[in-house]
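S.K.: Please find one structure pasted underneath; my questions will follow.
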Amino acid sequence: MIRRKKSSTSGDTATNMVIKILGSRGSTPVSQTPRELEQNIKKLFIEFFNRGYREKSDLAKFFSDVPDHMIGGYGGNTACLEISGGGQQIIIDAGSGIRSLGYEMMAGPCGHGQGEVHILFTHFHWDHVIGLPFFTPIFVPGNKINVYAVQPELEDVFKVVFKKPYFPVPLEKLGSAIEYHVLEPRKCFNIGNLKITPYKLDHPDPCWGYKIECGGRTLSYCVDTECTRVTHEQLGPDLGLYSGVDLMIFDAQYTLMETIEKVDWGHAAASIGLDIAMREGIKKLVFMHHDPASSNEKIFEAETQARKYYQSQIKSARRMGLDLNDVEWSFAREGMVIKL
């Protein structure tokens, strides 16, 4: 099941893993201008009347049926995921979406200086670390912030982010205790009951995705990848990121045509992720890291193109007697919650 939800994932014991997308954009945070908001509101009014609605009592029915991209869109914060499973919470990437999560966490042990946080980094481009200085628990004495990455410069990144003139509070003045964990490539480790393995992605700077296993369910986070390696032979030791996966979160910053125009930019299209998912038998697929230059309408059009591509591939495979797996998929929206 894939759905949107406003509350935190903490405390959900009905499933093996709960994933909340706190930031779905790539490259830089975006927001709508007042003029853009005005235009969206006008479009909603026009759609309301075009559907034959006239009364205030019709609003609930109208909003239950209107496409999501016409209401709130896909979100404006950059990459950040909250994952809960087996009584353990972890965070992947510290894009601008981590700021709101920090506020939520302050209502628990982190607000009293008794919290322990685990943040995994894929890489250190600005859109994946921009939220760190605004993550409130990092300033609270008594909190322990564990940070993980394959890249050996992990600690150096924090020294740069928390350094004048970029930010007024230097690293040594933060209240929490920060512990740095440099990971071995493709070697699994545990955080509580979560089993985690980093695999290499295809990005201009070294970038590592994560395979997370808990209670018989498996999530793969494959964001910031151009996926220039697609066959089993090409993927080699990184094939494990895509094998035996229940849910894959995949980069779809561009349309297929844009990936041709932007070779070596380090991002993919939904069609690439769909091909992998259909081949590998991945059950669920969510696309994120939406281009900041793309309007909600453009992202919706990319989603529509992906749907046509998927249906075409499935139809062609069945006509030719080939075995392609059905995939439940969607484009990520900020606040989306996925249960495994």
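The values are calculated or read from the model by the stated rules, or taken from the named source; none is laboratory data. Keep in mind it's a predicted model, so treat the numbers as computed, not measured. No Cβ is skipped: glycine too gets one built from the backbone with ideal geometry, and neighbour counts run over all protein chains shown.
S.K.: Which residues, taken from the range 203-236, are out of contact with any helix residue (DSSP H, G or I) (no Cβ under 9 Å at 6 or more places or on another chain), touching a residue at least 40 places away in the same chain (Cβ under 8 Å), surrounded by 15 or more Cβ atoms within 10 Å (Cβ to Cβ) and of a type in the set (D, E, K, R)?
M.R.: Arg217
S.K.: Separate question: Taking into account only those residues within the range 99-122 that are at negative phi and part of a loop (DSSP other than H, G, I, E, B), which is surrounded by the most Cβ atoms within 10 Å (Cβ to Cβ)?
M.R.: Checked the range 99-122; the qualifying residue surrounded by the most Cβ atoms within 10 Å (Cβ to Cβ) is Thr122.
S.K.: Looking only at the range 259-277, filter to residues that are in contact with an Asp or Glu (Cβ under 8 Å, 6 or more places away or on another chain) and not β-branched (Val, Ile, Thr); which one of those is surrounded by the most Cβ atoms within 10 Å (Cβ to Cβ)?
M.R.: Ala268
S.K.: Right, another one. Could we say that Ala306 is over 17 Å from the mean Cα position of the chain (by Cα), outside any helix (DSSP H, G or I) and either at pLDDT below 95 or within 24 Å of Glu258 (Cα to Cα) (or both) here?
M.R.: In short, no.
S.K.: Here's another thing I want to ask about it. List every residue pair whose Cβ atoms lie under 7 Å apart, where the two residues are 6 or more positions apart in sequence or sit on different chains, the first residue falls within the range 179-198 and is at positive phi, and the second residue, located anywhere, is part of a loop (DSSP other than H, G, I, E, B).
M.R.: Pairs that qualify, where the first residue is at positive phi and the partner is part of a loop (DSSP other than H, G, I, E, B), are Gly192/Gly86; Gly192/Gly87.
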